[in-house]
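Note sheet for the following structure.
The values are calculated or read from the model by the stated rules, or taken from the named source; none is laboratory data. Everything numeric here is computed off the predicted structure, so don't read it as measured data. Cβ: placed from backbone, ideal geometry, glycine included. Neighbour counts: every protein chain shown. Accessible surface is based on the protein model in full, side chains and every heavy atom, while ligands, DNA and RNA are left aside. Shrake-Rupley method; radii C 1.70, N 1.55, O 1.52, S 1.80 Å.
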Amino acid sequence: SELLEGVLKERNASARASEISAVLATTISGFVRPRKLGRLYLSETGYVCFPGKPKSVRFPDVSFVRTDRIPNGVSPDGYFTV
């Protein structure tokens, strides 16, 4: 699901999409973690991407955030604002 203009919109889910997400997460993690480049997040992590639209939150299947973009090196309890 994603929050668009304050309205929850359902996304289509499938075993195939989940499998692809798992492969991507595993592959990206194998590159990112040893180099300490940042953190990897799964589909439960929301992002507020548009400053003028705080009620629009995107939930990508897999995402990466560079270390320098994580405030105080701690993942937020809520959404990321990018």
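Could you look through region 16-75, keep only residues that are of a type in the set (A, V, I, L, M, F, W, C) and in contact with a helix residue (DSSP H, G or I) (Cβ under 9 Å, 6 or more places away or on another chain), and pick out the one that is surrounded by the fewest Cβ atoms within 10 Å (Cβ to Cβ)?
Leu42
Condition check for Ser29 on (1) in contact with a Leu (Cβ under 9 Å, 6 or more places away or on another chain); (2) within 28 Å of Leu4 (Cβ to Cβ); (3) not in a loop (DSSP other than H, G, I, E, B): one failure, at (2). Are there any pairs with C-beta distances below 9 angstrom linking a residue in region 60-72 that is touching a residue at least 40 places away in the same chain (Cβ under 8 Å) to a residue that is aromatic (Phe, Trp, Tyr), with the two at least 6 apart or on different chains, and if so which? Cβ pairs passing all conditions: Val62/Tyr41. For region 46-82, what are the residues that are of a type in the set (D, E, K, R), farther than 27 Å from Ser14 by Cα and assigned to a strand (DSSP E or B)? Listed by number, the list holds a single entry, Arg66.
Can you tell me how many residues in region 1-13 are out of contact with any Leu (no Cβ under 7 Å at 6 or more places or on another chain), part of a loop (DSSP other than H, G, I, E, B) and either open to solvent by less than 60 Å² (accessible area, probe 1.4 Å) or closer than 22 Å to Phe80 by Cα (or both)?
Here is the first cut: in region 1-13, the residues out of contact with any Leu (no Cβ under 7 Å at 6 or more places or on another chain) are 2-13.
Right, trim to part of a loop (DSSP other than H, G, I, E, B) and you get 5-6, 10-13.
So of that shortlist, the ones also either open to solvent by less than 60 Å² (accessible area, probe 1.4 Å) or closer than 22 Å to Phe80 by Cα (or both) come out as 5-6, 10-11.
Result for region 1-13: 4.
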